[in-house]
Amino acid sequence: MNAVVTLARPEIVNLKPYSHAAWRPSLTRLHANEAPWRPTGDTTNAGLNRYPEPQPHALIERMAALYEVPAAAILATRGGDEAIDLLSRIYLRAGTDAILQCAPTFGMYQVAAHIQGADVIEVPLDPARGWAVDPEQLLGAWQPHVKLVYLCSPNNPTANMLDTEALETICRALEGKAIVVIDEAYIEWSRCASLTRWLDRFPTLAILRTLSKAHALAGARVGALLAHPRLIELAKRVIPPYALAQPTVEAALRALDPAELAASRGRLEGLLAERDYLSKGLAASPLVAKVWPSNANFLLIDCLDIDRFLSSTLAGGMIVRDLRAYPTLPRSLRISVGSRAQNDALLHCIGST
Ligand SMILES: Cc1ncc(COP(=O)(O)O)c(C=O)c1O
């Protein structure tokens, strides 16, 4: 049997999934207990009185073109967060299984594992090598009860890409032994190629993408789990039947329209120039010790005086992310790159010249 199935919780493999109302758009819908009228103010094309199409065909086709993977390898989710939640529920048995992650990294991997009652094993990223992952160390930490291995590239909050060769070594060594999850939430800001082409080579690889960041749709909640079709089938059993709300689906379709994609590429280039501008400005501040290189739409900085940095920006009406809860980031902040006016206002607050 395929390893994406044998690694899964038997309850999920054997689950008889919920059977939602048949999707037959050409027929008059009298099978889903919906109201026959639209609510006041409804601006959607399909009507908010109707349940949305589960895994909307048009959206999946657009994602397939965008991510260059077959439609069968895609599950549209409520953001990367839902993909993480689904993977945890499919693969982690309470009190038995574990995830392996690099530290510091995105907090939801750990939270989702803990919600599921699973353990978290961590290996440190190396700040002396630009927060690089050491594949030998990571593979040394792997044990048979580790079902999910998270690799975030570009990594949140350190903003660096993980080395492709290191990722390949890890994928090769763990193929069939664990689901290796490469989270590419920020890949569009990196000018590096996505690793979706590896899905053919490594059947137990899963890749997370999102429309929240480069497509400016964080409020709509749309992402994608890209994986072997057998894993996608399992995830379809677990995801609620009407996960993506109709306004969200329509917003995602607009965002993935060719003209809008071209426009968002232009905006993305603008933000990358703004990232350089903000990075130089931060480096010139007397409160900042180091600005780390970034492959994302945010900057990691180490402060000389973190309390003053935080109080000055707050006094100016701005909020940045305090990272002191991470043991390896005792004087660090994460700052999203904003518009020129926002970036200038921030630099003004911290006395950058
Ligand atoms: C690395 C990473 N992965 C996934 C997500 C989840 O994003 P969303 O659920 O909006 O797609 C985030 C959000 O900040 C993130 O930083």
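The values are calculated or read from the model by the stated rules, or taken from the named source; none is laboratory data. These numbers were taken from a predicted model, which means no experiment stands behind them. Virtual Cβ from ideal backbone geometry, glycine too; neighbours counted across all protein chains shown.
The numbered conditions (1) at negative phi; (2) within 18 Å of the chain's Cα centre (by Cα) are all true for GLU68 except (1). Which residue is nearest to the ligand (Cβ to nearest atom), if the candidates are limited to region 185-198 and must be aliphatic (A, V, I, L, M) and buried (at least 21 other Cβ atoms within 10 Å of the Cβ)? The selected residue is ALA185. All told, PRO154 falls short of being in a loop (DSSP other than H, G, I, E, B) and away from the ligand (no atom under 16 Å from the Cβ).
Every condition in (1) away from the ligand (no atom under 16 Å from the Cβ); (2) within 19 Å of GLU11 (Cβ to Cβ) is met by GLY140 except one, and the failing one is (2). THR40 satisfies every condition listed in (1) assigned to a strand (DSSP E or B); (2) over 22 Å from GLY223 (Cβ atoms) except (1). Of all residues in region 312-322, those satisfying the criterion of being over 14 Å from SER285 (Cβ atoms) and in a helix (DSSP H, G or I) are LEU314, ALA315.
Answer with yes or no whether LEU30 is modelled with pLDDT under 95 and assigned to a loop (DSSP other than H, G, I, E, B). Spell out the reasoning first.
Numbers: modelled with pLDDT under 95: yes; assigned to a loop (DSSP other than H, G, I, E, B): yes.
For LEU30, the condition - modelled with pLDDT under 95 and assigned to a loop (DSSP other than H, G, I, E, B) - is met.
Considering only residues that are away from the ligand (no atom under 13 Å from the Cβ) and farther than 12 Å from ALA235 by Cβ, which ones fall in region 78-94? The answer is LEU92, ARG93, ALA94. Contact map, region 324-353: residues that are in the same structural domain as SER285 (by TED's automatic domain parsing) paired with residues that are in a helix (DSSP H, G or I) and acidic (Asp, Glu), Cβ distance under 8 Å, separation 6+ or inter-chain. Pairs shown: VAL337/GLU274; GLY338/GLU274; SER339/GLU274; ARG340/GLU274; ASN343/GLU274. Criterion first (hydrophobic (A, V, I, L, M, F, W, C), modelled with pLDDT of 95 or more, buried (at least 18 other Cβ atoms within 10 Å of the Cβ) and assigned to a strand (DSSP E or B)) does LEU329 satisfy it? When the stated conditions are applied, LEU329 does not pass them.
Here LEU75 passes the criteria (1) farther than 22 Å from PRO247 by Cα; (2) within 16 Å of the ligand (Cβ to nearest atom); (3) not basic (Lys, Arg) except the one numbered (1).
Number of residues in region 101-128 that are within 16 Å of the ligand (Cβ to nearest atom) and small (Gly, Ala, Ser) equals 4. The set of residues in region 111-150 that are part of a strand (DSSP E or B), among the aliphatic types (A, V, I, L, M) and closer than 23 Å to GLY95 by Cα comprises VAL120, ILE121, VAL123, VAL146, LEU148, VAL149. Cβ-Cβ contacts under 8 Å between residues 6 or more apart (or on different chains), taken from a first residue in region 272-298 that is assigned to a helix (DSSP H, G or I) and at pLDDT 95 or above to a second residue that is among the aromatic types (Phe, Trp, Tyr) and surrounded by 19 or more Cβ atoms within 10 Å (Cβ to Cβ), are listed as LEU272/TRP189; ARG275/TRP189.
Report yes if ALA216 is on the phi > 0 side of the Ramachandran plot, within 11 Å of the ligand (Cβ to nearest atom) and outside any strand (DSSP E or B), otherwise no.
Details: on the phi > 0 side of the Ramachandran plot: yes; within 11 Å of the ligand (Cβ to nearest atom): no; outside any strand (DSSP E or B): yes.
In short, no.
Beta carbons closer than 9 Å, at least 6 apart along the sequence or on distinct chains, pair a first residue in region 178-195 that is at positive phi with a second that is within 15 Å of the ligand (Cβ to nearest atom) and of a type outside the set (Ser, Thr, Tyr) for ARG191/ASN295.
Does ALA252 satisfy the condition of being outside any helix (DSSP H, G or I), within 13 Å of the ligand (Cβ to nearest atom) and in contact (Cβ under 8 Å) with a residue 60 or more places away in the chain? Walk me through it before giving the result.
Numbers: outside any helix (DSSP H, G or I): no; within 13 Å of the ligand (Cβ to nearest atom): yes; in contact (Cβ under 8 Å) with a residue 60 or more places away in the chain: yes.
Taking the combined requirement at face value, the residue does not satisfy it.
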